[in-house]
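Each remark here refers to the structure printed beneath this line.
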Amino acid sequence: MSKSISHSPAAPAYEQREFEPEFIAGLKAIFEEKIVFNQVLGLKITSLRPDGVTGRIDMKPDLVGHYAYNRIHGGVISAGLDAMGGLAVMAAIGAKHLDEPPDQRLHRFAKLGTIDLRIDYLRPGIGSHFELRANVLRLGSRVASTRMEFLGPDGQIMSAGAAAYIVS
């Protein structure tokens, strides 16, 4: 059994609330439709919560990095984890400003960008599908820090990552 990202028991009050359906739909539209590269990856949101996000990539021939083993390309893993880290920051920012209407919160993501990314490839990426998880370790006024996981169909961690994002 693999360890997975755990959420802090002392999470801020805003992390303990649920998002409105309008905010979830808007964030999914940004992530899955407007960020076209996520479509290329086949990256879909499966869970969107203030304290962490989960996504899924189904394996397809376009993602193969090693033809003899049908192994997913490391760049797909890296790009997927980077995208999920950014999504976790979006969720944390959205949760921090719950006093604003959903459409106003969705406009806060225009300046979000990756400033540092580290990926550790722990096991070969072989499987029919993959789960990606991310959560925010710290959301500052200018920089957010995240950690991410890339898991195989059996739930075993294949890659782990950490990233920093500019938020202002």
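The values are calculated or read from the model by the stated rules, or taken from the named source; none is laboratory data. Quick caveat: nothing in here was measured; it's all calculated off a predicted structure. Glycine gets a Cβ as well: all are built from the backbone with ideal geometry, and neighbour counts include every protein chain shown. For the accessible areas, the whole protein counts, side chains as well, though only heavy atoms, and no ligand, DNA or RNA atoms are used. Shrake-Rupley method; radii C 1.70, N 1.55, O 1.52, S 1.80 Å.
What the table below lists for this structure:
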{"quantity": "Trypsin sites (Lys or Arg not before Pro) restricted to DSSP loop in region 94-130 with at most 10 other C-beta within 10 Å", "calculated": "K111"}
{"quantity": "Portion, in percent, of the accessible area of region 25-126 that falls on carbon or sulfur, probe 1.4 Å", "calculated": "51 percent"}
{"quantity": "Point-charge dipole on Cβ atoms (K/R +1, D/E -1) for the chain, about Cα centre, debye to 20", "calculated": "360 debye"}
{"quantity": "Convex hull per residue volume in Å³, alpha carbons only, for the chain", "calculated": "106 Å³"}
{"quantity": "Accessible solvent surface per residue of the chain, calculated while the other protein chains remain in place, 1.4 angstrom probe, Å²", "calculated": "52 Å²"}
{"quantity": "Estimated [θ] at 222 nm from DSSP helical runs (n ≥ 4, -39500 (n - 2.57)) normalised by residues in the chain, nearest 500", "calculated": "-7500 deg cm²/dmol"}
{"quantity": "For the chain, with +1 on Lys and Arg beta carbons and -1 on Asp and Glu, the positive-most of A134, G65, G152 along the dipole", "calculated": "G65"}
